[in-house]
Amino acid sequence: MSVGIRLDGVSYRYAGAAATSLRNVGLELEPGRVVGVVGANESGKSTLCLVVAGLAPAVIGGRLEGSVRIDGIETAAMRPHDLAQRCGLLSQNAATQLSGTTATVFEEVGFGPCNLGLPVADVVQRVWAALGAVGIESLAPRDPARLSGGQGQLVAIASILALRPRYLVLDEPTSELDPAGTKLVAEALARIARDTGAGILLVEHKTDVLAQIADEVVVLERGAVAFSGPAAAVLADPRLVELGVESPAAVRLERAVRTSGLEWSAALAKALS
Amino acid sequence: MSGFGPGVDRSAPAASAGAFADSRPPASDRSGVGSTGPGSAPAVPSIEFEAVSFAYPDGTRALSQIGLRIGSGESVAIVGQNGSGKSTLVRHLNGLLRPTTGRVLLDGNDVRPIHVARLASSVGLAFQNPDCQLFSGRVSTEVAFGPRNLGIHGGELEERVRAALEEVGLDAEASTNPYDLGYSRRKLLALASVLAMRTPILALDEPTTGQDARGVARVRDVVARAFGEGRTVIAISHDMRFVAESFRRVVVMREGCIVLDGAPDVVFGEAAWGELRASYLEPPLPSVAGARLGLGATVTEAAFVAALERRAGTISR
């Protein structure tokens, strides 16, 4: 049986929509790898997440063409609970992901593992590990409804991590995080991919995060793959700018220096590293 | 729209290399300064937090003894760790939250007895999460809601809705259901809803979140335009590039307190890095690279390149 997530010729149209949101997308995510997804707003990034995680069309309807396979099995043929255990999805608006049924952050993060029917000791161990991975152990007794936007996002990430899915599909997981929180989450994701062999599909506007942890990057344009390849090469590609994607800070600064006609030097490269 | 006044304190230091050059006319040249006459825009009230502390009902202390004065027409970015009290602070501006102790003053008047609905004519607040703000079934209705509640009707209301949607690039979506828009465009819609109210004070909670490069540029233009019109613009952001390039003053919060307050050159300057990092923030890359190369304060890409050019000119001479 082949492992990994594989999309072949995937097109998707939302129910009732006139236009197709994904067009003939091909993508491969192997265990232990981090694949970044970038693109302008409305280029299909969030739709791609829904399709990869099997929510579109199974839960939200719409029309899918092509093949979406997780570990060799078509997602259309998988039962929801099996799919959920294999592939964890963090939605773009993390606030909508919290259950709204728990009194503390600890219970919120334990909500998923409890529903898997795990022994209490395992749930407790998973919750502390997940809270620790994103540095929010101190939030454990807090009311999830009374967190800041960024804290809520970290709790949503921890809730996904506690499920320990084989694949993680994360739609802008650091959008509301401070720089230190962003760095912490990026490091945690890199560690999870490396140590547990999880495959991670990571939608990010912060290309600095992708420069730090992604193995490959896929660029979407109006629902189709514009180009893709090794992260360093894609993130330095000047076509990103035309496609409405901000290059990493070091790439931008080097470009600004070169554009001004100044000579690029090893000392400058070192200062930007 | 033009003519908010009376204008920013010119004695405040601005950042270097022209990145923050104030292209606005002097305050005295702007129409409507301090005037209440027909056709003139309302004056922009100053804001003052006097020893403001706030605790949520569950006991979480979010603000501790905040003392902060924001003059009329300033552009101020508020940065800080998640949970440091930034959103709590701005929600005091329009009365959504009231201080547990201390006072919030607009033009010297305590806002405590003033109803939220009345404060809404002075302070427009765009929420961090647009889904907490949007409720209409149609984009144009959503944007019209705020100004209509301020008593704007007919042609002027239509014009405000059109202008606000155009400013955020949603003019082609006037009849769309807001929930058929993606998250990033819902954020822009929430921003348009506040812009249409044309309040003298504009408070934006993480306006660039989820925006692509074009969306960030659009938000940057919105901020520049409002500042150019003499309005006070306050924005919470984690995007240090946006902060360094778009604001003349940066306030850093940590654990409910203000720990740094100054021009971007100062707050992102090398001397402040220790305090910044203790606040879980990082200075922008041009600032770090400039310090490594001994270029001085270079908080923006433009400032970094300009400093390099100056040095190259010195060497070649």
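Counting only strands (runs of 3 or more DSSP E) that fall entirely inside region A:1-78 and contain at least 1 residues that are at pLDDT 95 or above and surrounded by fewer than 20 Cβ atoms within 10 Å (Cβ to Cβ), the qualifying elements are A:5-13, A:22-29, A:63-70.
Condition check ((1) surrounded by fewer than 16 Cβ atoms within 10 Å (Cβ to Cβ); (2) touching a Gly at 6+ places or on another chain (Cβ under 8 Å); (3) over 22 Å from B:D205 (Cβ atoms)) across all residues:
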{"position": "B:G83", "(1), (2), (3)": "no, yes, no"}
{"position": "B:A117", "(1), (2), (3)": "yes, no, no"}
{"position": "B:A126", "(1), (2), (3)": "no, no, no"}
{"position": "B:C132", "(1), (2), (3)": "yes, no, no"}
{"position": "B:V143", "(1), (2), (3)": "no, no, no"}
{"position": "B:L165", "(1), (2), (3)": "no, no, no"}
{"position": "B:G182", "(1), (2), (3)": "no, no, no"}
{"position": "B:L191", "(1), (2), (3)": "no, no, no"}
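Selection of region A:232-272 for residues being of a type in the set (S, T, N, Q), free of Cβ contacts under 8 Å to residues at least 40 places away in the same chain and within 9 Å of another protein chain (Cβ to nearest Cβ) yields A:T259, A:S260.
If you go through region B:139-150 and pick out every residue that is in contact (Cβ under 8 Å) with a residue 40 or more places away in the chain and β-branched (V, I, T), you end up with 2.
Residues checked against (1) buried (at least 18 other Cβ atoms within 10 Å of the Cβ); (2) closer than 30 Å to B:S279 by Cβ:
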position: A:P173; (1), (2): yes, yes
position: A:D178; (1), (2): yes, yes
position: A:L184; (1), (2): yes, yes
position: A:D208; (1), (2): yes, yes
position: A:V218; (1), (2): yes, no
position: A:A232; (1), (2): no, no
position: A:V241; (1), (2): no, no
position: A:V245; (1), (2): yes, yes
position: A:G261; (1), (2): no, no
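Working only within region A:187-231, note down all residues that are at positive phi and either free of Cβ contacts under 8 Å to residues at least 24 places away in the same chain or among the β-branched types (V, I, T) (or both). Result: A:G229, single match.
List every residue pair whose Cβ atoms lie under 9 Å apart, where the two residues are 6 or more positions apart in sequence or sit on different chains, the first residue falls within region A:130-147 and is facing chain B (nearest Cβ under 9 Å) and free of Cβ contacts under 8 Å to residues at least 24 places away in the same chain, and the second residue, located anywhere, is assigned to a helix (DSSP H, G or I) and exposed (fewer than 15 other Cβ atoms within 10 Å of the Cβ). Pairs found: none.
Checking each residue in region B:278-294 for being more than 8 Å from every other protein chain (Cβ to nearest Cβ), within 17 Å of B:L260 (Cβ to Cβ) and not in a helix (DSSP H, G or I) picks out B:S279, B:P283.
Residues of region B:159-174 include at least one that is within 14 Å of chain A (Cβ to nearest Cβ), under 20 Å from B:T209 (Cβ atoms) and touching an Asp or Glu at 6+ places or on another chain (Cβ under 9 Å). Pairs meeting the criteria (first residue in region B:205-226 and of a type in the set (S, T, Y), second residue in a helix (DSSP H, G or I), beta carbons under 7 Å, at least 6 apart or on different chains) are B:T208/B:V216; B:T208/B:V219; B:T208/B:F242; B:T209/B:K187. Can B:E166 be described as under 20 Å from the mean Cα position of the chain (by Cα) and without any contact (Cβ under 8 Å) to a residue 12 or more places away in the chain? Yes: the conditions hold for B:E166.
Region B:210-271 holds strands (runs of 3 or more DSSP E) entirely within its bounds, and those carrying 3 or more residues that are more than 14 Å from chain A (Cβ to nearest Cβ) and surrounded by fewer than 23 Cβ atoms within 10 Å (Cβ to Cβ) map to B:257-262.
Return yes when B:V299 is more than 9 Å from chain A (Cβ to nearest Cβ), surrounded by fewer than 21 Cβ atoms within 10 Å (Cβ to Cβ) and either aromatic (F, W, Y) or more than 26 Å from B:P130 (Cα to Cα) (or both) and no when it is not. Answer is no for this residue.
Among the residues of region A:230-273, the ones that are assigned to a helix (DSSP H, G or I) and either over 25 Å from the mean Cα position of the chain (by Cα) or aromatic (F, W, Y) (or both) come to 14 in all.
The single residue among A:T196, A:T182 that is β-branched (V, I, T) and facing another protein chain (nearest Cβ under 10 Å) turns out to be A:T182. A residue that is under 20 Å from A:S148 (Cα atoms), without any contact (Cβ under 8 Å) to a residue 24 or more places away in the chain, part of a loop (DSSP other than H, G, I, E, B) and in contact with a helix residue (DSSP H, G or I) (Cβ under 6 Å, 6 or more places away or on another chain) occurs somewhere in region B:127-138.
Among the residues of region B:44-94, just one is basic (K, R) and within 11 Å of chain A (Cβ to nearest Cβ), namely B:K86.
The values are calculated or read from the model by the stated rules, or taken from the named source; none is laboratory data. All values derive from a computational prediction rather than experimental measurement. All Cβ positions, glycine included, derive from the backbone under ideal geometry; neighbour counts span all protein chains shown.
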